[in-house]
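Worksheet: one structure, shown below.
Laboratory data are not the source of any read-out in this text; all were calculated from the coordinates shown. Small disclaimer: the values here were computed from a predicted structure and weren't measured. Positions of Cβ are backbone-derived with ideal geometry, glycine not excepted, and every protein chain shown enters the neighbour counts.
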Amino acid sequence: MQKPGVRLASLVLLGCVVAAICATDCVAVEVGRVARVADAAKSPVIDGRIDDDCWKQATAHSDFVRFGGTAEHGSGAGTRKDTSFRLLHDDSWLYIAMDCQNERLRAIEPTVRGHDRGAAKDESVELFLGDREAAPPYYAHFIVSFANARDDRLVTGTNLNVKEYWDAPWRSATQRREDGWSVEIALPLQVVRSVSKFSRVAINVARNRRVPVIDSQNVVIEESRESSSWAPVAKSFHEPDRFRALSGLSDEMAVKAVPLVMLKSARVVPFDGAGAEGTFPVAVEVQLSGFNKQPAQVEVCLAEVGQSVDCDSITTKTPQPDGARPNRHRQVVDINDTTPRDVRLTLSLPDFERRELVVRLKAPASGMLLDERLVEGLDSLRPLTAFFGRNYYTSEKEAVLHCRLGMPPSARAGLLVDVRVAGARPNADANAAEFSRIPLRESGEITLPIADLKPGRHDVEITLRRESMPSQVLFKTSLPLVKREPNPGLEWKVDQARRVLMNNGQPFVPFGMVMSGVRDDDEAAFRKLAEHRFNTFMVWAKTTPEKLANYQSLAAKHRLVVISHPEECAEPIQWEAHSRYSGDLLNQVRRVTDAQNFIGLKNVIGLPIPVSARNAIFREFYDKNIDRVLAGVDAVKTAPNLAGYFIMDEPLPASLFDQYKFGQDLYARLHRADGYHPAIVNYSSFIPDGDQYTNWCDVLATDPYWYPPATDETRTTPNHVAKVCWQTNRRAEERRQPVWQILAGPRWSRCFKRPLNRDEIRCQTYLALIYRATGIFFFAYPQARDADWQTFRQLGDELQMLSPFVIGPDSNVPIHHRRAVLQQPTDTPEFKDSPFNPQAEQYPDVHAAVLRDDAGRLMLLATNSRHYPVACRFEIPGLSAMKVGWDSTLTETQQADPSRWNRNLRGAFEDRLAPYATRAWLIESHQLAAARPATITLHQTVLQADILKTEPNLPGGWRPGRKNAMPNPSFEDVSAEGCPDYCLVSNGTTPVDVGARFGPRCVQITKKPGSGFESLHLRCDPQDAQPQTYTFSVYMKADRAGLPVWLRGMQMNRHKEHGEAADLTLTTDWQRYWITGVIPAKVSESIYEVRLREPGTIWIDGVQLERGSIATEFEE
């Protein structure tokens, strides 16, 4: 991100600026250190593996300098040895191999894919090649991520302008492994020489390392970035005067030319040509251009990923039918200059099965591979996607099969679809198991009679044919149709067309709370939930099958439905796994298995044992508790207010352990025990790639937790909710699952400065609805305070009004976002596109969507996701009237008053949205109600001065350079009602303005009889280069002498089970207490806790964290 004093705006947009700035003492330029290029006896194979013999002869260059390192390169804490590179050349290519260690790589997923999408934002490497004598600076910039996403730039001028669309012909390949990754890059020597004479080449190699922080539940809760550079740059990788010399290339060396042609894009395009019998024609449009004006000839060809370079594997050998266009899966093309040239390649595929195609460029004479790129738009190869309207059927007489068409209209003529169901009663004009041959129409709905189908699973075969060639099968797939015995009052189904939950035939939008720690007999909690307009109670506490049933009964009393959690019925076991380990490893295993619950056992990923051994530990607990879990299912499955089952919270990827396999088994067992209620699986923000992570749930949920205050990082803004909900919706579309969002309400473990405020809670809720969530939950009940409950109540009222639109048909109204930033309010706005493109971390200020209900009414939702106000103009074709859809100050009668409609509109209206403001407007527009609706244009105008008004924040809650490193040490700063800044508080903890030891304010903790413990958490992460001894001190007093308190530092003396801790006995006077211990270098999540376990009241003030082993005088 951009830091104060660093003006690299254009590079920031491209993700090329380093994430951190060095300390005051920056690394000095070293004279004489050069990058040596070895002459390759044999050219390496560019596959990402650095195992070719030729690499052994190349010098390994390491000792990268991390920003903030010491002045002497290679001698201090700023030096990193986890990155190295080697250089080779032959007579045509310069080769670079890099080895990048990252022991936590398996815990992260790629965030960037494709070309010129911002690869530097991901775990990546950067290569800079320039002319060290050029004035002004001139250099090429290449970036490769660990997923082989690539960017290339040409940087020129003293202010580092970037040619955004500069492309060069080059190759790369990456390879992931357990402890990191490697990359091989091949650059034509002609390209290198176009940047600089070989004798003047300057080089830098840099690394962007993603370091995930994993919490106690093995969830990646945040990531830090470590940026390091081989050249001793000071503020940014873009400091060409600090690049190093390159040796091993001479100006006199002969360079064997390769065709300098760039493969700019490759995309599937509509193609109506006929294919051979049993095949379907596909066209791919490839755009090529020359790197310079030098003529070149290349061969361009299509192949399947994983197939040989010769491209012959996909050539159909079947004779073409009369009139068919011949396959042209390879062509030799002449490129004369830099003018883009489009080349169309065609081939006949044997079927429409999902596949990956790649376009390759080769030198025609030698067959040398020059470049390759994945073909985009492959989804269009699937001509038909089908699904049933319900995930199961009972008493329905008909099932609706929805067929979505994935081919151009011109290709649909003359196509028929056959549907066969085993055991179906035949139509009069069909054979024994065939419903009919139905023309493929735009609506794509086929009604199937199922009254005579027996209960069970039936395989439905769907075949696409040509009417003129009925023997030709263009596409074939099968779907399960599940029919169950009727179970009146207990049938909770999924409407797979609209992807909403159905309560016995009626759409249901859950508005719920994760009731963490709430017992089955805590009626006050049930009552509070219902009084604040919630309709759903999610069980989240250790329980038994009998108590699970009690939850249902008490919830029914308050007209609440329940998401049950049968895994919480698990009991402690005697561990056989302990016998397989000894010594320190046994102690580690014991600490993990002491959790004795499914969520805690995910900590097996931290054990230094193979995945198979982790699986074995988890399996033992699973196998010994599965009957107990299913007993919980049996205890609640006949409850009329049971809405579903929550299973396997925040599953982990298979690289850590095979949790998904246990989830698949549990899902199958659950549906055998009770096939009438859905299973809900919730992921922590991001879902790993692969169908195995989503094929064992009926509802797909994510918890897109974010943490204020806002910075340039997406996760510090509500845009993280928009991104995650959008991504979840894309994954859920594949299996037609409803999307639920579990939102921070108002805090989670990462909200270190403050919890979310009222407007932020509302904003994230509207974002979830805008991006198609049909269920809203908040985490978690104990953390909500009085002000939060009023916000929840208002949202509950609004959601009741919005529910008909949330469950309605898709409106498909596109919204075009435009944005202007003004230096002065009187400036004339110059609008530019401001798209929603989460893959590139691009977000509009104001998000909006049009929802439609079954009556055809339109609701426009909007919310400002920024910390600054935005003036909006909504240009809506055909807009004739609008009114505010919800106004909390009006009664129901007043809401329905026709005079509230504004009917003096001419296609547009304006509004100013305050930070995080939300809006819901009913609108009337005949053009939006059309089958193909018009586009809404949203113009957003903001002031640069408002953008710069950010909320102060101390990263990690650390005050560098102060004796007392603890932020807000006497609790005077309270940005969110009821919670001091940089603190996490329980419900019994609050700031008070009386009786303070320092300043006007202190913190009061009160524990009531019968309630759980109350606590205050403070965070401060000193970023020392080496482990340091610190003392944490705090002033406390109690309402009665002898009241016990527990004090601990979680990251102090980490070899201890709870960190450094002390049991204290308080007096009624202010006294100082402290603990001392060693805090690791570059610590993260260094939490200090005061815990009150017995009834009573204590007061806290004057917290201090200082170096050394004694507590010195308190410093504010």
By Cβ neighbour count within 10 Å, fewest first, 64, 836, 526 rank 836, 526, 64
Can you order the peptides 944-952, 605-613, 542-550 by their average number of other Cβ atoms within 10 Å per residue, highest first?
542-550, 605-613, 944-952
For the chain, with +1 on Lys and Arg beta carbons and -1 on Asp and Glu, the positive-most of 107, 847, 544 along the dipole:
847
Inter-label distance for residue 828 and residue 873, nm, one decimal - labels placed 7 Å from Cα along Cα-to-Cβ
1.3
Which helices pass in the chain if a helix is a full DSSP H run, must span at least 27 angstrom along its long axis by Cα, and must have mean Kyte-Doolittle hydropathy not below -1.0?
611-636, 786-806
The distance between the Cα centres of the stretch 382-399 and the stretch 99-115, in whole Å, is 39
FRET E, pair residue 36, residue 224, Förster distance 25 Å, beta-carbon r, rounded to 0.05
0.15
Starting from the Cα gyration tensor of the stretch 815-947, take the square roots of the eigenvalues, sort them a ≥ b ≥ c, and report rounded, prolate or oblate (rounded when a/c is under 1.5, otherwise prolate if a/b is larger than b/c, else oblate).
prolate
Taking 1031, 1112 and counting other C-beta atoms within 10 Å, the order from fewest to most:
1112, 1031
Among 621, 508, rank each residue by its count of other Cβ atoms within 10 Å, from fewest to most, as a rough exposure measure.
508, 621
Förster-model FRET efficiency, 51 Å R0, residue 691 and residue 1065, C-beta, rounded to 0.05:
0.35
Name the shape class, rounded, prolate or oblate, that the alpha-carbon gyration tensor gives for the stretch 766-867, where a ≥ b ≥ c are the square roots of its eigenvalues, rounded holds for a/c under 1.5, and otherwise prolate holds if a/b is larger than b/c and oblate otherwise.
oblate
Using the scaling law 2.2 N^0.38 Å as the reference, what is the normalised Cα Rg of the stretch 492-806?
0.98
Using alpha carbons only, how many angstrom separate the centre of the stretch 1015-1045 from the centre of the stretch 456-488?
65
With +1 on the Cβ of every Lys and Arg and -1 on the Cβ of every Asp and Glu, and nothing else charged, how large is the dipole of the chain about its Cα centre, in debye rounded to the nearest 20?
560
Dipole of the stretch 455-544 [Lys/Arg +1, Asp/Glu -1 at C-beta], most positive-end residue of 500, 532, 462:
462
If the cut-off is 22 Å between C-alpha atoms, which lysines fall inside it for residue 1007, apart from same-chain ones fewer than 8 positions away?
528, 542, 1037
Selection from 696, 648, 1088 lying farthest towards where the dipole of the chain points positive, charges on Cβ:
696
Within the stretch 99-132, report the GluC sites (Glu not before Pro) that DSSP leaves as loop and that have at most 15 other Cβ atoms within 10 Å.
103
Two-decimal ratio, the stretch 927-1083, of alpha-carbon radius of gyration to 2.2 N^0.38 Å:
1.48
The stretch 897-912 versus the stretch 712-785: alpha-carbon centroid distance in Å:
30
Could you give the size of the charge dipole of the stretch 852-966 about its Cα centre, using +1 on the Cβ of each K and R and -1 on the Cβ of each D and E, expressed in debye and rounded to the nearest 20?
560
Divide by every residue of the chain the summed helix terms, -39500 (n - 2.57) for each DSSP H run of at least 4, and state the resulting mean residue ellipticity at 222 nm, rounded to the nearest 500 deg cm²/dmol.
-4000 deg cm²/dmol
